[in-house]
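To keep things clear, I will list the structure first and then write my remarks on it.
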Amino acid sequence: MLTRLRSIVQEVNQEPDLSVALNNLVCHVKDAMNTECCSVYLANYETRHLILRATDGLSPDSIGRVNIGFSEGLIGYVGQREEPINIPSAQTHPRFKQYPEVKEEKYNAFLGVPIIHQRRVLGVIAVQQKVSRVFDENEEAFVVTLAVQLASVLAHAETRSLLQLEAAQKKAFGTQQIRCVPGSPGIAIGFAYVAHPVADFNSVSLRKVYDCEAQIRRFYQAVVQTRKEFKDMALKLVDQLPDDALGIFDVYQQMLGSASLGVDVEEQVRKGWCAISALKIVIEKLVGQFEAMNDEYIRERSTDIKDLGHRVLSHLLQNEVSLKQMPDKAILFAEEVTASMLAEIPRVQLQGVVSVKGSNNSHAAIMARAMGVPAVMGLDDIPLLQLEGEKIIVDGYTGYLLIAPPKDVTDEYQALVDEERELEKELLQQDHLPGVTIDGVSVSLMLNAGLGTSYEFVQSSANDGIGLYRTEYLFMIKQTFPSEQEQLELYREVLSKRKDQPVVMRTLDIGGDKALPYFPINEENPFLGWRGIRLTLDHPEIFLVQIRAMIGANIGLDNLHIMLPMVCAVDEVDESIRLINQAYFEIRDETPEYEVKKPRIGIMIEVPSMIYLIDDLVGKIDFCSVGSNDLTQYLLAVDRNNARVSSLYDYFHPAVLRALKEIIDKTGRCEIPTSICGELAGDPGGAILLFAMGYRQLSMNANNLAKIKWVIRQLTLAECETLLKSCLEASNCATVRAAINAFMEAKGLAGLIRAGR
Ligand code: PEP
Ligand code: MG
């Protein structure tokens, strides 16, 4: 049954035309369950109706014609109750409503199961039978499992259908909106540019084209490249592998011959499929056939076929990349957006960012915010490759992605973009002024840097130093750990840029969602695992080299502050201080000609345990800085990188706010200077609350500095304290957000947290 289920879902997933997919689905389900009728209804939230989209058993003429109100009939009832309804006689049920056009009088047994994606009912799948009976446990389990698996496929089914259409037809189809996770605020309008697509058939959705001969040429070009690749590989391995193992390359070469793979692919291309789709169809069919064999040896050969297919696919994709032009207004799409992808696109062309993986506080989102580029994150099951060149609107405030929007919608969004530009200009005019409230309270506004975006220093005109310099970037772009000298040169450049101001350099914080290509860490729970100070204390050779580079770079400048990430216990602080002292004495002894100063040492408060150990840090550290990104993640037990739980990740959660207040009160009593460098400090509402709590050093990305300074300059401490009081008393995030929004509207600051002025 499981195999049957999997193949039904896979078929729906692969079929680009939604109507065909649903038609196949109802037939297969009816067959598999040996019943007499299966139908699928999909929800239309604009009209609040469930529409019959496919049936095998009801009158085919009623497809698309039967509209059932959300609160009508048994189908509406299933949607309303959000649970299966399994009854022996539909017609005697009090919620039964007759729709004469479907001709269902003959059926009695009824099993309706809702199809739900992210708490939203997408539709209902119903099976019916003449005989009056309750569907048994296994039958119900089958339909429930099917509905759960179909949900994510159907969530984007309309989008897939839209992407099949020619430009003229798209207009009639209407805009497709996809709900994602807001990653970076702002509105962007542009054209999709898909970066480094992964050579994986799962990310390929079938697409029809009209240039059949060109597609065949493309396929054979990729075959020639793959043949050469195998030849080179075989030559390289000739001394290392026995002859029989090398034989696999001959088998691959034969399979690539036009008489085998070529014939089948050509046949599919002539049916209208593009080369990539044709290859997918052929390879998946072959893999399916091999996997179904009884002979184990032959079954295992399916792995070779997949491998072969992926290699040809990767050449097809690479050739496509080298042919494609970067749009003037590019919206970057990628499985997982990386710093180097962002760096590849000139800033003037990069309008927006869409990352399939990740969530609101993943490092990709933090990078986009630092660059001031609107971004959305966490779209599952989107046919990335098919989006290439499509017109796109990214709404980074609400997290919506609009695909192929019509002109009137684009015009509306363009008006919002223009208003935002105006506001930005106004903010920048005040950027040189100090961060002081109307009633004269000063706030130090510092810069978060180190994400590798070259203009992070250029853009930030007036600030009070660097509150967080993330050192991971250099480690991430290299093929090996960077040398001490390499690190020293970079750190000296950074320290020199802020010569007379404090610069807080954080020691290496890899692990979690930041991986090094040459030091892979495979863990079940990376955010709870080997990360930050835990990893570097286990590898003192890496830690010491970095500290030596920092201390060396600080000679003659003396503005270095060293900060330790991910600290969860006092022992870690003691051990780190011991190593920092060791490095300090080494450098001092090695360079007697210079006066080497000891750096100030601090920790990040981002693991909740440290809130309860603040007293124990007195006399050990010189400062601390709150990492609200991780503090939120660890306090709420919500992975900051997981889009599924993104609605739970909220730094306006009352527990987070109360923890932040406790931290500043405790560190104040202990006289430990404390700043905050998480994203909350760069959020206008967050900055107001933090200021009211007593934080006087806020560190944020270059892009938020002008905004936050502007906010601070409009306010008095007393009014911020009143807002804070109501937020600290709130028992949920929504109440906090509502209070902040009302405050921002009343102060004329709402343009900073939503589209428009
Ligand atoms: C934080 O956790 O708040 C922080 C500033 O560090 P990062 O986002 O790099 O983990
Ligand atoms: Mg952190």
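Just so it is clear, none of the values below were taken in a lab; they were calculated from the coordinates. This one's a predicted model, so the numbers in the text were calculated from it and none came from an experiment. A quick note on method: Cβ atoms are made from the backbone with ideal geometry, for glycine too, and the neighbour counts reach across all protein chains shown.
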What are the extents of the Cα atoms of segment 2-155 along their three principal axes, listed from largest to smallest and rounded to whole Å?
38, 35, 30
Across the chain, where is the longest run that never hits GluC sites (Glu not before Pro) in a DSSP loop with at most 12 other C-beta atoms within 10 Å?
167-522
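With charges set only on the Cβ (+1 for Lys and Arg, -1 for Asp and Glu), what does the dipole of the chain come to about its Cα centre, in debye to the nearest 20?
Working: 76 positive and 100 negative charges, 329 e Å.
Taking the Cα centre of the chain as origin, the dipole is about 1580 debye.
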In Å, what is the Rg of the alpha-carbon atoms in segment 168-404, and how long is Dmax?
20.5, 62
Just tell me which lysines come within less than 16 Å, Cα to Cα, of K324; anything on the same chain fewer than 8 places away is out.
K391
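Using Cα-Cα distances under 8 Å and only pairs 6 or more residues apart, what relative contact order does segment 168-404 have, in percent?
Values: 407 pairs, mean separation 100.2, N = 237.
Relative contact order comes out at 42 percent.
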Considering the options V102, Q221, A404, tell which one lies farthest towards the positive end of the dipole of the chain, charges being +1 on Lys and Arg and -1 on Asp and Glu at the Cβ, about the Cα centre.
V102
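Based on the alpha-carbon gyration tensor of the chain, what equivalent-ellipsoid semi-axes (square roots of 5 times the eigenvalues) come out, in whole Å, largest first? If you can, show how the numbers build up before the last one.
Working: eigenvalues 516, 249, 123 Å².
After scaling each eigenvalue by five and taking roots: 51, 35, 25 Å.
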Principal axis extents for segment 435-752, Cα atoms only, whole Å, descending order, please.
59, 44, 38
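Please list 122-128, 533-539 highest first by mean number of surrounding beta-carbon atoms within 10 Å per residue.
On the way: 122-128: 26.3, 533-539: 18.6.
Highest-to-lowest ranking by the protection proxy: 122-128, 533-539.
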Enumerate the lysines that K306 could reach by cross-link, defined here as Cα to Cα under 17 Å, with residues fewer than 8 away along the same chain left out.
K280, K285
Normalised contact order of the chain, rounded percent, pairs of Cα under 8 Å and 6 or more residues apart:
11 percent
Do any trypsin sites (Lys or Arg not before Pro) in segment 209-315 lie in a DSSP loop with no more than 15 other beta carbon atoms within 10 Å, and if so, which?
K271
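Could you work out the relative contact order of segment 67-139, using alpha carbon pairs under 8 angstrom and six or more residues apart, expressed as a whole percent?
31 percent
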Hey, which lysines would be in cross-link range of K666, C-alpha to C-alpha under 25 Å, not counting anything within fewer than 8 residues on its own chain?
K620, K725
Please give the charge dipole size of segment 168-404, origin at the Cα centre, charges +1 on K and R Cβ atoms and -1 on D and E Cβ atoms. Round to the nearest 20 debye.
1100 debye
